[in-house]
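None of the figures in this text is laboratory data; all of them are computed from the coordinates on show. Keep in mind that this is a model prediction, so the values were computed, not measured. Ideal geometry is used to build each Cβ from the backbone, glycine not excepted, and the neighbour counts take in all protein chains shown.
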Amino acid sequence: MEAVGDIAVIGLAVMGQNLILNMNDHGFTVVAYNRTVSKVDDFLANEAKGTRVIGAHSLQEMAALLKKPRRVMLMVKAGKPVDEFIEQLLGILEPGDIIIDGGNSLFEDTIRRTKYVESKGLLYIGTGVSGGEEGARRGPSIMPGGSPAAWPHVKPIFQAIAAKVTDPQTGAEEPCCDWVGEGGAGHYVKMTHNGIEYGDMQLICEAYHIMKDGLGMTPDEMHEVFKEWNEGELKSYLIEITRDILAKKDDDGQPLVDKILDTAGQKGTGKWTVISSQELGIPITLIAEAVYSRCVSAMKDQRVEASKVFPPSNSRFAGDRKRWIDDIRKALYASKIISYAQGYMLMRAAAEHYGWNLNYGGIALMWRGGCIIRSVFLGEIKKAFDKNPNLTNLLLDPFFKKAIKSCTRSWRKVVSMAVRKGIPVPALSTALAFFDGFRSARLPANLLQAQRDYFGAHTYERVDAPRGQFFHTNWTGHGGRVASGTYTV
């Protein structure tokens, strides 16, 4: 059996099949394997007919068909199936061979797996792949991390099949794929991408809700608005598909969007992002609200009952509709900036905590094409980090500072009117609240810390003493002089 395969892909669901076909289109010989081997024959007889894709009916046959070092990519369900395949592959592959996990795995699992596979003499990559079915087929955003020594062996394949964008600085065509970092860095960046995706989607849904209930607009009218927005600073994949969704008609000629039940699902990456932010102490409030908004949407029966107890009042906005639409656009744009600022805050904290050297401008470039959150907006993030690689927060970059200032009045106007009219805007409002907190030189946390010291002797710092020096007050006159120990959760 001749070793002719450049890479093997295990898992022939839609994403796996499309990645294989993408690799084939770029001249690579792919070995396809699936646990249910009948799917291999079915794939070769249909989607892969006429290609150079080779089918394998066992892991042993798959390994024998691969050139060394062998590259094996898992496109299977995250969790236990990944660990099970790793164990099987370790008994078949040889030192120096590479196992790649291309699923939505939790980054902590990738950290563990990288160490484990390296201890066996092999190399491991955990890579985020974003762009859905179409991205996998035509060019996804790929975010690899894990064993640095593995990168040169997969780089030609990954960068060939990835989406391509033009670098705004050099004018060169760049692949939306580059090495992210060691351990779980690749899957962490993909997780953060998905968290920002949650935020973007929720913000767009709130803009839609305001236009629908606040301005009384039809889906066709909103289609025209999103069509216009997709020609400006909001131009993005999510704005584009929202435009198309609003124009789609059901078989009876009525807008399909109005017939879809208002309960949203989620697969967990948004939740993981929020959990990680809590562990690192980073306030990604917008992403958290986006996750919880999906949870609220799932409470359909309770919401219907509550609407009878607390019936809505008139939710229509008074005033010029065209002006309101422009205000909503600005509120959406400002909140989107906050979403990315929070996402980058989280990645910076994670990089420091896990010892990763993340290229923040490079990440923006990787996200500019192929992925779900791709947008022209990301080009400005790339420029910001090119100008200042040590930028601590996007809100401090001149471009974003100017953009926020130009949108603030409309942002406040939209949020306040939505609150007055009873239209829920959790993401738009929490983005504004974060901004106001971030720009405040003094917050009421002095009172909060006094409360903690009062009931738990948790101590406090003073404005007239050096940072790091802690004090305790006997607030009642009959408390003790001993303070509680300090710790961070």
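Over the chain, Cα pairs under 8 Å with separation of 6+ residues give a relative contact order of 13 percent. For the cross-link pairs Lys322/Lys402; Lys271/Lys405; Lys322/Lys405; Lys227/Lys249; Lys249/Lys405, which exceed 28 Å when the distance is taken from alpha carbon to alpha carbon? Result: Lys271/Lys405; Lys249/Lys405 exceed 28 Å.
With only the Cα atoms considered, segment 281-382 has a convex hull volume of 159 Å³ per residue. Over segment 13-104, the reciprocal of the mean inverse Cα-Cα separation, the Kirkwood hydrodynamic radius, stands at 13.6 Å. Cα centroids of segment 30-64 and segment 149-175: how far apart, whole angstrom? One Cα centre to the other: 27 Å. Mind scanning Lys80/Lys336; Lys67/Lys235; Lys77/Lys330; Lys80/Lys383; Lys49/Lys164; Lys155/Lys248 and naming the pairs with a C-alpha gap bigger than 31 Å? From the list (Lys80/Lys336; Lys67/Lys235; Lys77/Lys330; Lys80/Lys383; Lys49/Lys164; Lys155/Lys248), the Cα-Cα distance tops 31 Å for Lys80/Lys336; Lys67/Lys235; Lys77/Lys330; Lys80/Lys383; Lys155/Lys248.
Choose one of Cys371, Asn388, Leu123: the residue whose Cα lies farthest towards the positive end of the charge dipole of the chain (beta-carbon charges +1 Lys, Arg; -1 Asp, Glu; about the Cα centre). Highest projection toward the positive end goes to Asn388.
Efficiency by 1/(1 + (r/R0)^6): what FRET value for Lys322 and Glu87, r their Cβ-Cβ distance, R0 = 56 Å, to the nearest 0.05? Efficiency at R0 = 56 Å is approximately 0.35. Only helices enter the 222 nm calculation for the chain: every DSSP H run of n ≥ 4 contributes -39,500 (n - 2.57), and dividing by all residues gives -16500 deg cm²/dmol, rounded to 500.
Residues whose amide H lies under 5 Å from that of Leu74, counting only those 5 or more places away or on a different chain, are Ile10, Ile100, Asp101, Gly102; hydrogens are built 1.01 Å from N in the peptide plane.
Of the peptides 380-387, 43-50, 303-310, the ranking by mean beta-carbon count within 10 Å, highest at the top, reads 380-387, 43-50, 303-310.
Over segment 115-238, what is the relative contact order in percent, taking alpha-carbon pairs closer than 8 angstrom and at least six residues apart? It would help to have the intermediate numbers written out before the result.
On the way: 150 pairs, mean separation 26.1, N = 124.
That works out to 21 percent.
Phi angles across segment 29-40 convert, under the Karplus curve 6.51 cos²θ - 1.76 cosθ + 1.60 with θ = phi - 60°, into 3J(HN,Hα) values of 8, 10, 9, 9, 9, 9, 4, 8, 5, 4, 5, 5 Hz, Gly and Pro given as x. Distance between the pseudo-spin-label points of Ala264 and Arg420 (7 Å out from Cα toward the beta carbon): 2.7 nm.
In straight-distance terms, cross-link reach from Lys421 covers every one of the aspartates and glutamates whose alpha-carbon lies under 13 Å from its own, apart from those fewer than eight places away in the same chain; here that gives Asp213.
Geometric descriptor of the chain, per residue, is 203 Å³ (volume of the convex hull of the Cα atoms). What are the aspartates and glutamates whose alpha-carbon lies under 18 Å from the alpha-carbon of Lys267, with same-chain residues fewer than 8 places away excluded? Qualifying aspartates and glutamates at Cα under 18 Å: Asp101, Glu108, Asp109, Glu133, Glu197, Asp200, Glu289. Label point of Asn314 set 7 angstrom out along Cα-Cβ; within segment 411-428, amide nitrogens under 15 Å from it belong to 420-422.
Taking the centroid of alpha carbons for each part, segment 282-304 and segment 385-434 are 20 Å apart. The mean sequence distance of close C-alpha pairs (under 8 Å, at least 6 residues apart), as a share of the length of segment 148-207, puts its relative contact order at 23 percent.
One way to sum up the overall shape of segment 376-478 is the equivalent ellipsoid from its Cα gyration tensor, whose semi-axes run 37, 23, 10 Å, largest first. Across segment 1-157, Cα-Cα pairs farther apart than 25 Å form 20% of the total.
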